[in-house]
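The values are calculated or read from the model by the stated rules, or taken from the named source; none is laboratory data. Fair warning: this is a prediction, and the values are worked out from it, not measured in the lab. Cβ coordinates were reconstructed from backbone atoms using ideal geometry, including for glycine residues, and neighbour counts include every protein chain displayed. For accessibility, only protein heavy atoms count, side chains too; no ligands or nucleic acids. Shrake-Rupley method; radii C 1.70, N 1.55, O 1.52, S 1.80 Å.
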Amino acid sequence: MRIAVLDDYQDVARSMADWSTLPGEVDFYGASPTEPSALIARLDPYDALVAMRERTPFSAALLEALPNLRLLVTTGMRNAAIDVAAAHRLGITVSGTPSPGHATAELTFAIILALARGLVDQAVSVADGGWQVGLGSDLRGATLGLLGLGRLGAQVAAMGQAFGMEVVAWSENLTAERSAAHGVELVGKHDLFTRADFVSIHLRLSERTQGLVGVAELAQMRPSAYLVNTSRGPIVDETALLDAVRTGVIAGAGLDVYSAEPLPAEHPFRSEPRILTTPHIGYVTRETYAVFYAGAVEAIAAWAAGTPIRELSP
């Protein structure tokens, strides 16, 4: 059995799990080739692949070009970059792994703190030989607006409350009972954008949520407000966001996710000083990787034994 672990950006996968227990050879790779033929050539020899989140998309065309592939393991239990229906049609088992989930919530609040206190500008000033620049803002008494109050949104709500923030939330399916259970005020979509000092996105990407935050929503925000997205890039109209920041419609944004990843070298987000950008690191922690890779080893061993676990359905 030949196994490949893909997109090991930090070159740490070997040390995160005991791969020696598996019945076969395991190869580890950094970033995947972007040219289709080169990617197919790399992946063709393998019976099983381990995908780190959505770094390498597995379209129907790619899966059809890999006749040896029988098992695809994704870290986490959802991966929008895998055509699971095509995999099932081709007889490829798709399995997931456990996911702690808290790391993204922690990063979200780190971004909120950094935006509120202008931490990047302050740190750059000191590194350049300067001292204090600008004024920060308090979180205590500010309003945190959450688009989504699921597992991650609820964790961010609790962090905001610990800092003395007023927390409001909206999503199409959010109930008053769930909001009350987390001490959060359920509001309408318009009210959330007009009231919040920080709008933070915690929704799954779907046909309903793609482009959910666009020109109209950004225009409803206060000029002193910030948008934070650690969910999925396409939920936000990136052209509208860039224009809103540059023209002062909102004060700025903090982004960990983008419509194109890795973010192209010449993308204007990279050079816009009022947009804090991080390279999709919401889940990139030692503890989360240990859970991911241990789960991947477990899934491969179970499949090899004829008892697949955590299978993803189309």
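Details
- Filter result (in contact with a strand residue (DSSP E or B) (Cβ under 9 Å, 6 or more places away or on another chain), outside any loop (DSSP other than H, G, I, E, B) and either open to solvent by 40 Å² or more (accessible area, probe 1.4 Å) or modelled with pLDDT under 95 (or both)) within the stretch 39-60: ARG42
- The set of residues in the stretch 181-204 being open to solvent by 50 Å² or more (accessible area, probe 1.4 Å) and part of a loop (DSSP other than H, G, I, E, B) consists of HIS182, GLY183, ARG204.
- From the list ASP83, ASP128, the one residue that fits, being touching a helix residue (DSSP H, G or I) at 6+ places or on another chain (Cβ under 6 Å) and of a type in the set (Asp, Glu), is ASP83.
- When the test is whether a residue is exposed (fewer than 15 other Cβ atoms within 10 Å of the Cβ), of a type in the set (Asp, Glu), part of a loop (DSSP other than H, G, I, E, B) and out of contact with any Ser or Thr (no Cβ under 7 Å at 6 or more places or on another chain), GLU207 passes it.
- Filter result for THR247 (open to solvent by 10 Å² or more (accessible area, probe 1.4 Å), of a type in the set (Val, Ile, Thr) and within 17 Å of the chain's Cα centre (by Cα)): no
- The lone exception for LEU63 - which of (1) open to solvent by 10 Å² or more (accessible area, probe 1.4 Å); (2) not in a loop (DSSP other than H, G, I, E, B) it fails: (1)
- Selection within the stretch 250-286: residues that are within 19 Å of the chain's Cα centre (by Cα) and basic (Lys, Arg). The member of this set that is most open to solvent (accessible area, probe 1.4 Å) is ARG286.
- The set of residues in the stretch 287-308 that are surrounded by fewer than 15 Cβ atoms within 10 Å (Cβ to Cβ) and of a type outside the set (D, E, K, R) comprises ALA301, ALA305, GLY306, THR307.
- The condition of being acidic (Asp, Glu) and closer than 20 Å to ARG204 by Cα holds for ASP83.
- Residue match in the stretch 160-172 (condition: over 24 Å from LEU218 (Cβ atoms) and in contact with an Asp or Glu (Cβ under 7 Å, 6 or more places away or on another chain)): no
- Counted as qualifying within the stretch 222-314 are no strands (runs of 3 or more DSSP E), as none has 3 or more residues that are touching a strand residue (DSSP E or B) at 6+ places or on another chain (Cβ under 6 Å), under 20 Å from GLY153 (Cα atoms) and among the charged types (D, E, K, R).
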